[in-house]
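Each remark here refers to the structure printed beneath this line.
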Amino acid sequence: MLSIIIPVKDCLKFTKICIDSIREHVKNYEVIIINNGSTDGTKEWIEQQDGIVVINNKTNLGFGVATNQGMKIAQGDYI
């Protein structure tokens with residue numbers, strides 16, 4: 001299984017496009033989204049999605065920290 005870790009901060013439009021593309025083109029995966037304090041509806045949208053693991057940070061902890069948070073909970077053989 002492939003673990004896909006996606007740090008996000010706002011940009012809901014692009015997050016939706018990314019998830020749609022993964023769902024269309026990838027098999028046997030898990031998606032882990034690290035939400036770095038989004039305020040544009042990203043948090044609410046992600047929480048409504050099936051099959052997405054989410055960590056909601058209150059503030060933007062940055063790409064490196066967010067990626068490491070995702071790697072700690074990843075279940076896949078590949079990241």
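Per-residue extension of 0.36 nm, minus the Cα-Cα distance of Cys18 and Asn68, leaves a gain of 16.0 nm for this segment.
Annotation: amide H-H contacts under 5 Å for Ile5 (H modelled 1.01 Å from N, sequence separation of 5 or more, or interchain): Ile32. Result for the chain in a Gaussian network model with C-alpha springs under 10 Å: among Ile46, Ile34, Ile17, the largest mean-square fluctuation is at Ile17. Using a cutoff of 8 angstrom between alpha carbon atoms and counting only pairs six or more residues apart, the relative contact order for the chain works out to 43 percent.
Please compute the net charge surrounding Thr39, taking Lys and Arg as +1 and Asp and Glu as -1 over other residues with Cβ under 15 Å from its Cβ.
On the way: positive: Lys9, Lys13, Lys43, Lys58; negative: Asp10, Asp40, Glu44, Glu47.
Result for the neighbourhood of Thr39: 0.
Hey, what's the per residue convex hull volume over the C-alpha atoms of the chain, in cubic angstrom?
79 Å³
What's the extension gain from Tyr29 to Asp50 if we count 0.36 nm per residue and subtract their Cα-Cα distance? Mind dumping the intermediate values first?
Details: separation 21, 0.36 × 21 = 7.56 nm, distance 1.29 nm.
Using 0.36 nm per residue and subtracting the Cα-Cα distance, I get 6.3 nm.
Close lysine pairs were tallied over region 11-70: pairs 8 or more places apart or on different chains with Cα atoms under 19 Å apart number 4.
Rounded to the nearest 20 debye, the dipole size of region 17-79 about its Cα centre is 240 debye, using +1 on the Cβ of Lys and Arg and -1 on the Cβ of Asp and Glu.
Quick note: the coordinates plus some simple rules give every number you see, no bench work behind them. Note that this is a predicted model, so its numbers are computed, not measured. All Cβ positions, glycine included, derive from the backbone under ideal geometry; neighbour counts span all protein chains shown.
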